[in-house]
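Chemist: Can you read through this structure? Questions will come right after.
All of the numbers you see were taken from the coordinates with simple rules; none came from a lab. Everything quoted here is computed from the prediction, not taken from an experiment. Heads up, the Cβs are rebuilt from the backbone with ideal geometry, glycines too, and the neighbour counts pull from every protein chain shown.
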Amino acid sequence: MEFAELASEKEAEESHRQDSVNLLTFILLLTLTILTIWLFKRRRVRFLHETGLAMIYGLLVGVILRYGIPATSYHHKTPPSCTLKEGPASTLLLNVSGKFFEYTLKGEINSREIQNVEQNDMLRKVTFDPEVFFNILLPPIIFHAGYSLKKRHFFRNLGSIITYAFIGTATSCFVIGNLMYGVVKLMQLVGQLTEKFYYTDCLFFGAIISATDPVTVLAIFNELHADGDLYALLFGESVMNDAVAIVLSSSIVAYQPSGANTHMFDASAFFKSVGVFLGIFSGSFVMGAATGVVTFTKLHCFPLLETALFFLMSWSTFLLAEACGFTGVVAVLFCGITQAHYTYNNLSDESTKRTKQLFEVLHFLAENFIFSYMGLALFTFQNHIFSPIFIIGAFFAIFIGRALNIYPLSFLLNLGKRHKIRGNFQHMMMFAGLRGAMAFALAIRDTATYARQMMFTTTLLIVFFTVWVFGGGTTPMLSWLHIRVDVDSDQDLHKTKQESAWLFRQWYTFDHNYLKPILTHSGPPLTSTLPSYCGLLASCLTSPQAYESHEQLTDPDADLIRGDADLTFTFSDTAILTNGADAAFASGGSGWSANGKRSGSTSEEALERETDSREQELLSRGTRLVFPIEDHI
């Protein structure tokens, strides 16, 4: 008995040492990635992004672990086995010489690996629990996307973004799912597939692989200062698309037709899944926005405590949504957007800097860790199923699904847009449909069945190909499509107010005059915006800081919606100033008042024609890539 206790303690020590080695391996991977990124930035290398680099290093380490290190095991004999007729139990109690030991379920082992359990001990240890990705690594990535959102461009293109994210993702899901169902039938016909692979499995694959993650493209856009509207369309679509994809995949899993065949189409089950989708998404949205709105601290005198509380409340939004049966990804995304809009204005100056830097660092580390792990998982995951027909079919399916997403929806959107989504923008959006962290996290979350294992392997290969090939080809594609770079972000302020929909102009006015004064210290005091008979309520809801700083405060979101009194244009020798003051202009005696109405002989249609001609002239410039000469490192 004493010998058994010593052996157990020794095995625990060896396991602890192995866990330390595994974590050290990932830290060294991240360190090597950071140093190589620094070198690439010094040399202005743009054909390979940091995420692609992290995957390459992960692949190299995976090859070494799989084939270069002798197999080690801490088992001294063949592990005992037992048969359970009622299925696997989450916890087992094992009686060994009168002592009970608790064992927990870790996952299914491939039948081909049963004889080599001891030799695969190390590979299993470097395989993380999928919940680590969802509960620890994904929240800072998604939150940072919402917290660092460029609101002006995002809200100006919100209608297009929502259309691409919701209708486009659903279209892509069903196109890919149906095409892959045809591929599965072909595989069964030629004898390449003998295991069960249902139509719902194909739809699930369509949902997870529709989650785009153009992080490589967006990083190059940001570095080259590409067109702001194109950046907003890609970034906004990818952020909202991730949220839609995860809810859509959950809805497909919830699809349970009644009757003997639970995998065929059933109208009632379909509408139930639609209801689940709407319920989960709307509930997650409300929970995230509400949590972001109520996040309020009075710890501005203690920036460290304020930053720590802000961080914990933000992360708890994700966990709270998951605990309530909603989707944490959607909740934490809208929590980040609302906190950037409201809570950020209540933080002290030091806390605003700390929160930005904190979430930026967490986002960088989590994202590169996931991409490093992708490379590692190609060799350490023990249940890979490589099916050439399925893989080739998946590549064709995602390209067709992306095309049927972008081009038809862009055509429909352009029917109602004054400023069209140009053809080169559409081609770039088609090209930038990379797959990344979200598709990987959704695929690895469940690899229990043969179908899910085949999906995971295929998803990995798709991520590798799109990140390396499409990510590396972003800069040449920008030049080939004649998309503007080195664009001054302030240049986009000189756009007509017609670009902002009437609904959002009204929302901005309501938010600026009422919501922001209630939830933050910015904006005009409620005593000056509410009617006189609400004076007592306005006095109670307005903070003393709002009175003290009203004269110095400017609304940081004033450029989201450009109203009649916020526009300044210069056309040829005619200047139009709409800043609230009357103005007369010397262009053949034509004059314009502050509200933008004509007071001379020039018609409003002539102004719009002049606007279009000036914009066309602007768009014809800057089509060549101009790389900065100065060194930013």
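Chemist: Using alpha carbons only, how many angstrom separate the centre of the range 153-194 from the centre of the range 316-360?
Modeler: The distance from the Cα centre of the range 153-194 to that of the range 316-360 comes to 30 Å.
Chemist: Within a Cβ distance under 14 Å of Gly328, other residues only, what is the Lys/Arg minus Asp/Glu net charge?
Modeler: Result for the local shell: -2.
Chemist: Quick one: which of 524-536, 463-475, 383-395 comes out on top by average Cβ neighbours within 10 Å, and what's the full order, highest first?
Modeler: 463-475, 383-395, 524-536
Chemist: Using only Cα atoms, what Kirkwood radius does the range 295-415 have, in angstroms?
Modeler: Kirkwood hydrodynamic radius for the range 295-415: 18.5 Å.
Chemist: Counting Lys +1, Arg +1, Asp -1, Glu -1, what net charge surrounds Ala443 among other residues with beta carbon under 14 Å of its beta carbon?
Modeler: -1
Chemist: Right, another one. Of Lys150/Lys516; Lys420/Lys516; Lys196/Lys272; Lys151/Lys353; Lys10/Lys99, which ones are farther than 21 Å apart at the Cα?
Modeler: Beyond 21 Å between Cα atoms: Lys420/Lys516; Lys196/Lys272.
Chemist: Report the semi-axes of the equivalent ellipsoid for the range 347-395 in whole Å, largest first, where each axis is √(5λ) for an eigenvalue λ of the Cα gyration tensor.
Modeler: For the range 347-395, the ellipsoid semi-axes come out as 40, 13, 6 Å.
Chemist: Same structure again: What FRET efficiency comes out for the pair Leu189/Lys125, r = Cβ-Cβ distance, R0 = 35 Å, nearest 0.05?
Modeler: 0.30
Chemist: Sort the following peptides by mean Cβ neighbour count (other Cβ atoms within 10 Å, averaged over residues), highest first: 325-333, 477-485.
Modeler: Highest to lowest by the protection proxy: 325-333, 477-485.
Chemist: At 20 °C and 1.002 mPa s, what whole-number value in µm²/s does Stokes-Einstein give for the translational diffusion of the range 361-455, with Rh from the Kirkwood sum over Cα pairs?
Modeler: In µm²/s, the coefficient is 132.
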